[in-house]
Amino acid sequence: MNAQPAGPGSASGPAPAQDQAVEARPAAGQLPRPAGPGRGATVLEQIFSGTVWVPIGSILLALLAGGVLIAAADPQVQATLGYFFARPSDFFGVAWQTVSEAYSALFRGAIFDWQADTFVRMIRPLTESLVSATPLILTGLGIALGFRSGLFNIGGQGQVILGAMFAGFFGYAIGLPPIVHFLFALLMGAVGGAIWAGIAGVLKARTGANEVIVTIMLNSIAGYLLLYLLKQSWFTQTGSTNPASRTIYETAQLPLLLPPPFRLHAGFLVAILATIVVWWLLERSTVGFELRAVGENARAARTAGVSVSRATILAMVIAGTLSGLGGATTVLGTEHKLSGGIAGSIGFDAITVALLGRSRPLGVFFAGLLFGAFKAGGYLMQSQTGTPIDIVLVVQSIIVLLIAAPPLVRTIFWPLIKARRLVPGQDRGGAEGDTGVGTRAGASGAEGTAAGRGPVSTGASGTDSEGTGQADEDSTGTKGER
Amino acid sequence: MKLELRGITKRFGSLVANDDISVVVRPGEIHALLGENGAGKSTLMNVLYGLYAPDGGQILIDDAPVSFDGPGDAVAAGIGMVHQHFMLVPVFTVAESVALGYEPTKALGILDLDAARARVREISERFGFHIDPDAVIEDLPVGVQQRVEIIKALSRDAEVLILDEPTAVLTPQETDELIAIMKQLKARGTSIVFITHKLREVRAVADEITVIRRGRVVGQASPESTESELAGLMVGREVRLSTDKGHAEPGPETFAVQNLTVVDKAGSTVVDDISFGVRAGEILCIAGVQGNGQTELAQAIIGLVEPLAGSIVLEGAELTGRTVKQRLDAGIGFVPEDRTEDGLVASFSIRENMILDQYDRPPYASGLALRPTVIRDAAEAKVEEFDIRLTSIDDPISTLSGGNQQKVVLSRELGRPLRLFIASQPTRGLDVGSVEFVHKRVIAERGRGVPCIIVSTELDEVLNLADRIAVMYKGRIVGIVPAGTPRDAVGLMMAGVPESEALARVADGSAATMISEAAEEDLP
């Protein structure tokens, strides 16, 4: 965080004071000694250090790019392009109409459908968004907790599958009294996710195995494990050869919060509860203090007596518990039986949700809601306007791309910021000063980069490799400790 | 060549790093820029070297204004710079290093290494450097690497040589050799800008002294000024350079290290069969040049590295095999050498850093829950007690200056009853005022009957603080000498000379260094 890139936009943001304080102060502390090696920000810090407006800017840009694609894919728009120079107004008119129709359908499908004939139907989209958001929030919280602990947990998908598998199996294979049954099934889902993530945690802590690779591999294993089990009759408990399980008992279904046709179930309450618990855990508990310390500076944490390997395993287990709950709510709340595609792409979308939420519990909650809305709205958009649902995927992907590159977003919004900044003259001087340093250091080539604070790319890539090296060192270090 | 900086101003946002600074360096003069860390010396030199564009002011060479767009321009104008952290490629030879960036080429762009070799030889002979052009950089001692940097600058016909904190990495004897080189360069007409915060060296070598404080020139001084005068100018108030520590009243030996051997990851022995003991209420300083095993020794005591052999006993209890947490619980206070990497979490708030190794025990936690009010109150109290200058305890620790960051670490480690206190380089990078403060706190801890181990590469600090001095060289203890041992003897021991020989050489006068002579003059 203390080596924010000296790119054109680095010392600026439209408003938030927090951002400026964090960025400007350390810079001031460093500048008198420019020859010192800039203690760099890790990629994670790069991603999370900005303020709320980077995600919001990313969402806007992504929707804009999505709009271009919607227009480009539309046959009518393509037709008007044929005589664009004769009547350009046709093109713009049709393009505007297509895009606005698609997005309004997206909105109607996600929040409020003013074209529906009954009130229930009008507000049903909002509840559908909440239903879709539930597993995303839960799994996103798990991924975010990993990020905060310095772990790239890519294994959300596998953990969701295991969670669904455990919860589903105990939902139909055993009979229990009402309430107890779905609570038990939820618990088993959490256990399933925790075991799956725990494997990766133990491997990393004990052997130094890279958690990214391990969790990706565990995703594949989980997927095929589920497909295998769905072919075993002892597991599916159906007579048919269909790769799907029996339906769970009604006692195991999560209670509905609203009467049918609404599908909103108690899983959403679990998601709210989990958000609060994760916040408390990270910000108010000794465990969270430990995890965050390890995530931010493992060496200092070790010096302070924290067992880095224990923290690693713990972080993965908690992350897996949350992801497992995500899978459990899917099967117990909406699907009610296991199938090969039970997890959809929840595990991967959750990574995006965690990034968009900047790994803060509340941020993840809102990012989950947004993605839930995209998911729910995408169906209506496709059915009513013929716009492919893939556009939603594209928009989501662009959001991730932009979030991972805050300087890009800043650069795009730079003219806007500059315009706003021109008003308070003092700030403007500061911003220009910084730009000067950046360009100068860049211009003076290698020596400049080494001596001064280098241009954006150098800082980022340099610290990236440093970060990885450090992580490896730490795991070997802890091994030696035993 | 006469170099003049006239009214140089450099701002970084709201921070004015250089405020209307004017300095004149006359031909053949050694001009010292004296100032504390963060005073703006390096910024000024980076402006001069073309790395920063000044916001105001002019650079004049022989009274003609010039402007530099980058180091290339500065080099062309005859300015050479030796950075504090050397800019050398470890696997290159000396000749390759000197040629880098200005490669002499033959036809078709083939690198003319012979020309580079000849150049190295020529300069090295001229100044008596004895450097083999084909030696590989990483095999050379630090002092020699520095000479390669100097040769590099001279090979570009530098008439003004900027040396940025050149003695930070050298032993006292190497420093002495560097001073001889500087005098030689001066005799041949090269001007030298010598950036430092070490008062002794300034007095030993400078012709002219410009003192900078908070980005401004606060005065010119002559080398005849006393150290306390210079320190007063530098800090802006009267400072006491040596802390009055009174008599030690050591109790029984409560901490002992026996035959300790530590092997690093690469398999080389970094701590080699070391034994020593520390008595309650005694300060044992571990002296030595950086990289002679002191760091690893301290890490082994706190448990960050597990020794290959040997024992570490605190009050009769064996520490080896215990975790860091258990050792902290046993009453060890540990100040790590690299506070930003090992002592603090940069993005954590000051408040959080103050409980970094206490977070999970009372009074800061009850069960799993942290107790924010208790933590906050304790932090406020520590800010008061340790006089930490800050805006809010909720700010990230990275917003504090080095001195205040170190005070946070100290407030954490000294803020509870200790049975052993270990600090590695506790004053590295701190200004004179903070150094004084840290020393006082260490002495206060000694007064409480705590055995203290201070690892330091700064000989002044060692001589000032220690009740006994253990000198380390290549992983071994060369000798343990009492306080009051002549400075030059300790200096020789830091280079591996055995205790008896070092004392003998000091006695017959063959080991006297210019720096200690300069210090002698101060004595009444």
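Numbers at a glance
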{"read-out": "Condition met for residue B:215 (surrounded by fewer than 22 Cβ atoms within 10 Å (Cβ to Cβ) and in contact (Cβ under 8 Å) with a residue 40 or more places away in the chain)", "value": "no"}
{"read-out": "Pair list, Cβ under 8 Å, 6 or more apart: the stretch A:296-309 residue facing another protein chain (nearest Cβ under 7 Å) and under 16 Å from residue B:397 (Cα atoms), other residue of a type in the set (Val, Ile, Thr) and buried (at least 24 other Cβ atoms within 10 Å of the Cβ)", "value": "A:296/B:345; A:297/B:345; A:300/B:345"}
{"read-out": "Test set (1) touching a helix residue (DSSP H, G or I) at 6+ places or on another chain (Cβ under 7 Å); (2) under 23 Å from residue A:187 (Cβ atoms); (3) away from chain B (no Cβ under 14 Å) - residue A:349 fails condition number", "value": "(2)"}
{"read-out": "Residues of the stretch B:194-211 that turn out to be under 16 Å from residue B:8 (Cα atoms) and under 19 Å from the mean Cα position of the chain (by Cα), as a count", "value": "0"}
{"read-out": "Candidate set from the stretch B:1-48 (those that are in a loop (DSSP other than H, G, I, E, B) and polar (S, T, N, Q)); member that is nearest to residue B:189 (Cα to Cα)", "value": "B:37"}
{"read-out": "Residue check for residue B:277: more than 11 Å from every other protein chain (Cβ to nearest Cβ) and under 26 Å from residue B:460 (Cβ atoms)", "value": "yes"}
{"read-out": "Every residue from the stretch B:394-412 that is within 14 Å of another protein chain (Cβ to nearest Cβ) and part of a helix (DSSP H, G or I)", "value": "B:397, B:398, B:399, B:402, B:403, B:404, B:405, B:406, B:408, B:409, B:412"}
{"read-out": "Selection from the stretch A:195-217 of residues that are open to solvent by less than 20 Å² (accessible area, probe 1.4 Å) and within 23 Å of the chain's Cα centre (by Cα)", "value": "A:197, A:198, A:200, A:201, A:211, A:215"}
{"read-out": "Residues located in the stretch B:245-265, provided they are more than 25 Å from residue B:449 (Cβ to Cβ), open to solvent by 70 Å² or more (accessible area, probe 1.4 Å) and not in a strand (DSSP E or B)", "value": "B:265"}
{"read-out": "Selection within the stretch B:381-434 - in contact (Cβ under 8 Å) with a residue 40 or more places away in the chain, over 28 Å from residue B:319 (Cβ atoms) and charged (D, E, K, R)", "value": "B:387, B:394, B:395, B:431"}
{"read-out": "From B:332, B:375, B:350, B:355, residue being touching a strand residue (DSSP E or B) at 6+ places or on another chain (Cβ under 7 Å), in contact (Cβ under 8 Å) with a residue 24 or more places away in the chain and of a type in the set (Val, Ile, Thr)", "value": "B:332"}
{"read-out": "Residue in the stretch B:370-393 that is crowded, with 16+ Cβ neighbours inside 10 Å and facing another protein chain (nearest Cβ under 9 Å) present", "value": "yes"}
{"read-out": "Positions within the stretch B:1-22 being closer than 22 Å to residue B:206 by Cα, open to solvent by 10 Å² or more (accessible area, probe 1.4 Å) and at pLDDT 90 or above, in sequence order", "value": "B:4, B:6, B:22"}
{"read-out": "Failed condition for residue B:58, given (1) part of a strand (DSSP E or B); (2) among the polar types (S, T, N, Q); (3) within 14 Å of chain A (Cβ to nearest Cβ)", "value": "(3)"}
{"read-out": "Number of positions in the stretch B:1-53 that are within 13 Å of chain A (Cβ to nearest Cβ) and of a type in the set (Val, Ile, Thr)", "value": "5"}
{"read-out": "Qualifying residue in the stretch B:175-190 (condition: out of contact with any strand residue (DSSP E or B) (no Cβ under 7 Å at 6 or more places or on another chain), hydroxyl-bearing (Ser, Thr, Tyr) and either more than 22 Å from residue B:117 (Cα to Cα) or modelled with pLDDT under 85 (or both))", "value": "yes"}
{"read-out": "Selection from the stretch B:313-333 of residues that are in a strand (DSSP E or B) and away from chain A (no Cβ under 11 Å)", "value": "B:313, B:314, B:317, B:318, B:333"}
{"read-out": "Any hit, the stretch B:357-365, residues being assigned to a helix (DSSP H, G or I), of a type in the set (S, T, N, Q), within 12 Å of another protein chain (Cβ to nearest Cβ) and open to solvent by less than 40 Å² (accessible area, probe 1.4 Å)", "value": "no"}
{"read-out": "Selection count, the stretch B:281-312, where residues are small (Gly, Ala, Ser), surrounded by fewer than 21 Cβ atoms within 10 Å (Cβ to Cβ) and part of a loop (DSSP other than H, G, I, E, B)", "value": "2"}
{"read-out": "From the options B:242, B:268, residue that is farther than 30 Å from residue B:23 by Cα, open to solvent by 10 Å² or more (accessible area, probe 1.4 Å) and free of Cβ contacts under 8 Å to residues at least 24 places away in the same chain", "value": "B:268"}
{"read-out": "Verdict on residue A:271 being crowded, with 24+ Cβ neighbours inside 10 Å, within 14 Å of chain B (Cβ to nearest Cβ) and not in a loop (DSSP other than H, G, I, E, B)", "value": "no"}
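So that you can scan it fast, the table gives a plain yes or no per residue for (1) open to solvent by 10 Å² or more (accessible area, probe 1.4 Å); (2) assigned to a strand (DSSP E or B):
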residue: A:246; (1), (2): yes, yes
residue: A:251; (1), (2): yes, no
residue: A:263; (1), (2): yes, no
residue: A:279; (1), (2): yes, no
residue: A:302; (1), (2): yes, no
residue: A:332; (1), (2): no, no
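The values are calculated or read from the model by the stated rules, or taken from the named source; none is laboratory data. Values in this document were obtained by computation on a predicted structure and should not be read as measured data. Please note: Cβ atoms are built from the backbone with ideal geometry, for glycine as well, and neighbour counts cover all protein chains shown. These accessible areas exclude ligands, DNA and RNA; they are computed on the full protein's heavy atoms, side chains included. Shrake-Rupley method; radii C 1.70, N 1.55, O 1.52, S 1.80 Å.
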